[in-house]
Every structure is written in C-alpha cells, then in structure tokens.
Amino acid sequence: MSVLHLVTLLTDFGRQDIYVGVMKGVIANIEPQIQTIDLSHDIPVQNVIAARFCLLTAYEYFPPNTVHVAVVDPEVGSIRRAIAIEFDRGFLVGPDNGLFSGILNRVEAISAVELTNSQYWRTHYASNTFHGRDIFAPVGAHLASGIPLAELGETIAIESLVKSPVPQFQIEEKQITGCLQYIDRFGNLISNIPNELITTRHQTVQVVDRLIKLSKTYSDVPVGELVAIAGSHGWLEIAVNSGSAGHELNVDWQDCLTTLVRLT
Amino acid sequence: MSVLHLVTLLTDFGRQDIYVGVMKGVIANIEPQIQTIDLSHDIPVQNVIAARFCLLTAYEYFPPNTVHVAVVDPEVGSIRRAIAIEFDRGFLVGPDNGLFSGILNRVEAISAVELTNSQYWRTHYASNTFHGRDIFAPVGAHLASGIPLAELGETIAIESLVKSPVPQFQIEEKQITGCLQYIDRFGNLISNIPNELITTRHQTVQVVDRLIKLSKTYSDVPVGELVAIAGSHGWLEIAVNSGSAGHELNVDWQDCLTTLVRLT
Amino acid sequence: MSVLHLVTLLTDFGRQDIYVGVMKGVIANIEPQIQTIDLSHDIPVQNVIAARFCLLTAYEYFPPNTVHVAVVDPEVGSIRRAIAIEFDRGFLVGPDNGLFSGILNRVEAISAVELTNSQYWRTHYASNTFHGRDIFAPVGAHLASGIPLAELGETIAIESLVKSPVPQFQIEEKQITGCLQYIDRFGNLISNIPNELITTRHQTVQVVDRLIKLSKTYSDVPVGELVAIAGSHGWLEIAVNSGSAGHELNVDWQDCLTTLVRLT
C-alpha cells in the first residue's frame, strides 16, 4: 500500500452547517485512513483574496505531498474550470479562479489538469452548487491515496490558469508602495510588501492618512496605538497594541486591494 | 483486533468552551485510534429540528458502520431516554427526542436500546447536565470499538421512539405544500419538499407572500434576487443570488415549521 | 518505535485565520501520525483566566501522557519564559503566565524546563509574534514523539513558575465566599467554589445583589429564572433555565474575579 498523504481543507462554508463534515465523510468513504486538517472554514464568504492569502501563508508548513483542497467558489455551477495542480510541495485542488496564484507566484507548478474524469468524482453527476462534496473532496482523497494527477482529467497549460487578483508592490527610489491583502481576526492589516524588503533605513509606514512608526513588536508602542512591524506571516503588517488596526483605520475587506501602503 | 469505526459528533455546545474537546478526550481515553469527525457544534441552541436536518443530510456520505453521536438535548437530566440505534448504515447515539427521526423515516432501524448499562458510561454515575461526556461519547466509542448494541442496555421497541417533529409535505392536484425545515449560514431556506418531486411542469414557488421563479442555479437570476432551486441537500430550496433569503423574507428559526412552501 | 501520544491545542487564535491550521501543519511535519484534538481556539483574546479554567476542567478526561499545548500569550516576544512541565497525567507546554496554575494547584508537577534548546523549535530563530507555530507546537510534537522533557531546555524550579491569577475561596463559619472564574457560551457563570463543599445545609447563593435558590438541575426553576447548581465542571454554577445568567446579572469577563459568590 502506498503511503497516505495529508489533506487540508479551506472553505467559506462556515461551521454551522454540515458542509465541511460531509466533505470529510466523502474523504473517509474513499479512504478512512486519510488525515484531514482544517486550514479555515471561516473565510469571508466568496472572498477569493482572503482565501488566496491563507493558502499562501500556510502551505510551506505542511509535509511534502500534502493535498490542499480549497473551495471558495463564487462561480460554482458556471463555466469556470475545476482544476488540480502538482507543485514541488504537493497538490492543489479547487476552482480555477486565482485561489492558488499566491503559491504559484512563488513556486513553479509542475503540471495542471482540468477535473474532467468523473470516475474520480463522488458520482458521475455533480450538483450545480456543491462541488466541494461532489468533485474537490473526492479528487483530493484520490490524490492523497496515490492516484496520479494525470488520471484526473485533461492536462491544461499552466499559463492558462487564472492570474492573481492581487497587484504587485512597486519599488521606487524613496519608497515601496503596496496594498493591503488581508485582515486577520485581531484586526491586524497585512500588506503585500515582503519583510525581506524592509531595511534599517525604513522608518515609517503610511496607510490611509496616518503615518505609523516602524517597530519590532506590538508592545513597542503604548496600548491602543498603531504600530507597523515585520509580521509573522512574512509581510509588513499594521497593528494596534492590544487593539484592532482595522477598526482604528476604519478599513474593512472591501477596502483591501485599494488601500495603499507606503514604506519610507 | 476488530476494525475501528469512525465517530461523528453533532452538538449545540459551540466551540468557545471545552465541552467538545472533553468528549473527544473521553473517546480517546477508551480507544485512542478512533477517528472523530465534527458534523457541527454550532447547531442553534436546543434546536432539535436543525440537528435532525443536519443528521439526515449528512449520514449517507459516511462509510458503513460509522457511529453518529448527536447531543442536542433540551431535556437532559429529565426522564427522556438515552438511546442507541443500529441501522443499515451504522449507529445512532443520543437522546430520544426525535433527533434521528429524519434518518429513520428513510431507512429502517434494525434495533434500538435504552442506554441503561452504566458499565459503558464514563463512570457509573452520570452528571445531570452533561450526558454528552458521561454517556453518549463513551457509548459511541465502545460501539466504534466493536461492542455489540445489545450490550449497551435494554432493547426497546422501534415504534416507541419519539416521532419526527417535522410534518410531512402534502401532494395535491395542482400543488405540493410543504414547510421550511432548515436555514443554512448563507440564509438559504431549505424546505421539506424532495427534489425528486419537482417536475418540468412546476414553475413557481410561493413562500410567505412572494412568488419565486423555479430555476437551475443561484446565478440564473440577477444578484440580490430570490430564486428557488433543487438544492444540493436534496430538497427544494429558496435562495438569494449572493444574498440571504432568510433576511429577504424576514424568516428566522422560530418560523421554520410554520412557514408554508407551495410548489406549483 | 515508541507509542505516539495525543496533542491537544488551546489558543485564543480563533478560526478565521490559518494560525491553528499552521500549528497542525508544523506538528504533522515533525510526525504525521500524531493525533491532535482542539480544546478551544475561541478563548476570549488574551484571557489567561479563561484559558486556565479550560485546561483545568479538561485535562483529566484525556489519556495518560497527553501533551497539552496552550497558547494564550499576551506577553509573546517579551521576556516571559516559554516552558514545558511534566505532571502525572502528561505534559503541559506554553508561556509561563499562570495558564497551568489551575492544574498544578491540584496535581503536583514532576519537573519543568524553560524551552531554551532551539534544536526542538521549528527553526533556530523564532518570530516575535507567533511562538505557537515556532516553539510550542514543535516542542509539543517532539514530546508526543517521545523526546524526554529534559532535552528541551534548562530545568527550572517548580516554585519559580508564575502563580495562579485566581484567588482562593474562603470558608467561614456560616458561609463560603468565592468568585466567578468562567462564563461559558450559554452564559452560565462558574464560580471557584468546588461542588464537594456544597452540603445539604446550604440553601442559597448570593451573586451581585441577587439571592438565588440552590437546586439540582436547570429545570428545577421556571424558564427564565436564575438557579444555582453543582455544575458539571465541578464547581458551583449560576444559570438561567433556557437563558443566560451572564445577561441576567449583567456580568461579563472583566467582572469575573471581582464578582463575589456567597454560598450560605
């Protein structure tokens, strides 16, 4: 028997309903020994930007060959493609809507398929509304059990995958300009400027109309004050010591990509 | 050693407290190799109707012999019976309050016992308030480990089990009349009219005072508009494209069974 | 191969972000066969009192040698110590801020270390903000895999551990006076007066300015009324039948330790 791999699940299904439990039942029905780990099921509804960020910040902590099944899928039932991708750390399974573009900007894909082979679906007929149960969970379980990617459907060109919805940061002479890409549950605002670009000559961060001091930890400023730090996710992050930067700056999910962050 | 079976957990305990973690500790203490899957722990508090629906829509996706432990138990500590049921897909464990009536309307029970044998409880004395920890989780773990149902207590007549709290739909000449039975976290309203009864001659659904067009997918109507579809759970469902039908129709849990749904 | 032990996780990270999933990825990366159980990830943010209570009420239900990793850590990145403790039921891993003082008031510690050996961290460099990922999860996984406690760092005196933040109850001639220590999601108020001290001569409980009758179960009083019972956690508890005592008495987390409970 081949070694079983881990399956992670990331959705916007929440936890009140049995959507997530049913996906795990479908996986256990294919191979009861597969271990599943929840990345999150509380992604803001249909927020592909947030889900993309979560995958990007999580994948590198998992063992080789982990299968990441992600279902944030506003266009389920339409003509968007269902895909699976092999990359050097494992596999990605979900809709082709840019969810995986964060990872694929960083690590090259080895190959990709459209999930056209209904033999590896739950049944040969998939519902119009719940591809997580009918296509993505069973395909993830089969990948974790050792079925080769090429079995799952027709190979597609990697260049044909939907591109990232998050713009690139810009390096200018005196500043780096990026945008917000994520708000965590503490209200910390995470930008798309990587920690590696922060140097000792940088001193302040401008967000909305506020100038914020660059510091080492949250507690370098008094309780209740804004602070910018090299965050634990790997990007420049704006926080409030023991508070919420999202609340303090009046920034919500709909402001994310359009809110500029200037590091000077 | 006999093969270990899966245990699912469904409760209204929420996730802030350690109630659910403790139930898993009790299971692991009996047999550490048992795998548990959470169906939901965010059932609206003491809402047997919602829990019944979740079990009914989830059970068929799990492997044979799965043990479903469900604890939505408004009458804990009173004289309601604690029961376990064997049916052709596995086992059901919980209070005798109609929780399992959805499944048992569809699949016949093989046998049922009252959980009177305290040898299979956590201790011989059960608390008045937490039978999930003291009776249902340990009994579920023992069933998953291969203890026969008949060991767990006195056999009871299947006809004596508490009947379903959800009324049956009515088929009349020109319409089918049912009611709402569940509201999911997206605000989709799920009726008790099975998808199989929807035919091409049906065109509209009446709920509250609204006439809603029967369509194929959420996105067959403009964003923000009501739509009725054959839902992925298996019943006629009322939704709003990218919105909440519960909010739009001002329907909440307490309206569920009394809100009629007419398919014409 | 040595037997693998269970790892439980308790944090205030919530479930929207991937913090918890990443800790599980780090554990699976060290040893994929370790089973993890979530105690709670919805501890009120930075509430060491609530986390201490949850650990205290959960630990005894788990198998011997379970490793409890707890990360409610307001002082992360400051000079507070990162510690691991061996006690007669297993291991405790987390910050030295009183989190484990509830358990250690009840069960004696066998030995304790400061987590100074970075060989057992995720990498030799730990972030300033996420010791759950970088130190506590990997140390927990190594303990569960059989690494001896003494390998993880320098031994520290058990008397040097941070003391409990919760005061002791007082036994006087005609009454026992304690305080609130926890509010569960139903709004039940849990005191620090143990059930064992409640005798038949006790009749009422005074909280805030209310005199509440001591009863056997929630349903001994009419729906909506206050009741005091010997709670399932092991302490005297104030509840409202089918309601919230926290709401009824206008008591919130910040009132916990300062709200007195008098049993007479």
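The values are calculated or read from the model by the stated rules, or taken from the named source; none is laboratory data. No experiment lies behind these values; they were computed from the predicted model shown. Cβ atoms come from the backbone with ideal geometry, glycine included; neighbour counts cover every protein chain shown. Quick note on the areas: whole protein, heavy atoms, side chains included, nothing else; ligands and nucleic acids left out. Shrake-Rupley method; radii C 1.70, N 1.55, O 1.52, S 1.80 Å.
Computed with the Debye formula from one identical point scatterer per Cα of the stretch B:181-253, without solvent, the log10 of I(q)/I(0) at q = 0.11, 0.17 Å⁻¹ comes to -0.22, -0.54. Panel note: the C-alpha atoms of the stretch A:104-201, placed on their principal axes, show extents of 58, 32, 24 Å (largest first).
Using R0 = 22 Å, the C-beta based FRET efficiency linking B:Tyr125 and B:Ile79 works out to 0.80.
With N the number of residues in the protein assembly as shown, Rg(Cα) / (2.2 N^0.38 Å) evaluates to 0.97.
Sorted shortest first, the distances from the B:Gly234 label point to those of the same residue in the other copies are 4.3, 4.3 nm; each point sits 7 Å from Cα along Cα-to-Cβ.
Element breakdown for the protein assembly as shown at a 1.4 angstrom probe: carbon and sulfur atoms account for 49% of the accessible area.
Remark: spin-label model distance A:Gln33-B:Asn65 equals 1.5 nm, labels positioned 7 Å along the Cα→Cβ axis.
When Lys and Arg each count +1 and Asp and Glu each count -1, what net charge do the other residues less than 10 Å away from C:Asn241, Cβ to Cβ, add up to? Net charge around C:Asn241: -2. Here, P(r) means the percent of Cα pairs in each 10 Å bin from 0 to the largest distance; for the stretch B:109-155 it is 30, 57, 14. Taking amide H atoms as placed 1.01 Å from N in the peptide plane, the amide H of B:Gln35 lies under 5 Å from those of B:Val7, each 5 or more residues away in sequence or on another chain. With protein chains left intact and a 1.4 Å probe, residues in the stretch B:63-102 average 26 Å² of accessible area per residue.
Applying the Kirkwood pairwise sum to the alpha-carbon positions of the stretch A:1-134 produces a hydrodynamic radius of 15.1 angstrom.
For the stretch C:162-209, the set of GluC sites (Glu not before Pro) satisfying both a DSSP loop assignment and a count of at most 12 other C-beta atoms within 10 Å is given as C:Glu172, C:Glu173. For q = 0.13, 0.22, 0.25, 0.30 Å⁻¹, what log10 I(q)/I(0) does the stretch A:71-121 give under the Debye formula with an equal point scatterer on each alpha carbon and no solvent? Taken in order of the listed q values, log10 I(q)/I(0) reads -0.31, -0.83, -1.02, -1.25. Seen from C:Ile43, the other residues with C-beta closer than 13 Å to its C-beta sum to a net charge of -1, counting Lys and Arg as +1 and Asp and Glu as -1.
The HN-Hα couplings worked out from phi for the stretch C:81-87 by the Karplus form 6.51 cos²θ - 1.76 cosθ + 1.60 (θ = phi - 60°) are 7, 9, 9, 9, 10, 9, 9 Hz, whole numbers, x standing for Gly and Pro. For the pair C and B, the buried accessible area comes to roughly 2300 Å² in total, with a 1.4 Å probe and the value rounded to the nearest 100.
Amide H contacts under 5 Å for A:Asn241: A:Gly224, A:Glu225, A:Val227, restricted to partners 5 or more places along the chain or on a different chain, H placed in the peptide plane at 1.01 Å from N. Taken as Cα centroids, the stretch C:87-114 and the stretch B:134-165 sit 38 Å apart, rounded to the nearest whole angstrom. Normalising by the residue count of chain B, find the relative contact order in percent from Cα pairs under 8 Å and 6+ residues apart. Rounded, it is 16 percent for chain B. Inter-copy label distances for B:Ser78: 5.0, 5.0 nm (label point placed 7 Å from Cα along Cα→Cβ; shortest first).
Remark on the stretch A:123-264: ratio of C-alpha radius of gyration to 2.2 N^0.38 Å is 1.42. For C:Ala109, put the label point 7 Å out on the Cα→Cβ axis and report which residues of the stretch C:136-160 keep their amide N under 20 Å from it. Counting only backbone N, you get C:136-144, C:147-160. Each semi-axis of the equivalent ellipsoid for the stretch A:159-221 is √(5λ) with λ an eigenvalue of the Cα gyration tensor; in descending order they amount to 24, 17, 11 Å. Over all Cα atoms in the stretch A:139-193, the spread is summed up by Rg and Dmax: 18.8, 52 Å.
Around B:Ile110, under 11 Å between beta carbons, what's the net of Lys plus Arg minus Asp minus Glu among the other residues?
Within the 11 Å Cβ shell, the charges total -2.
Computed over chain A, the range of Cα coordinates on each principal axis works out to 57, 39, 36 Å, biggest value leading. Once you have a ≥ b ≥ c as the square roots of the Cα gyration tensor eigenvalues for the stretch C:1-58, tell me rounded if a/c is under 1.5, and otherwise prolate or oblate according to whether a/b is larger than b/c. Since a/c reaches 1.5 but b/c is at least a/b, the shape of the stretch C:1-58 is classed as oblate. Potential lengthening of the chain between A:Gln206 and A:Val3 amounts to 68.1 nm, from the contour at 0.36 nm per residue minus the alpha-carbon distance. Potential lengthening of the chain between B:Thr177 and B:Val162 amounts to 3.0 nm, from the contour at 0.36 nm per residue minus the alpha-carbon distance. Take every Cα pair under 8 Å whose residues are at least 6 apart in sequence, average their separation, divide by the length of the stretch A:134-264, and the relative contact order is 27 percent.
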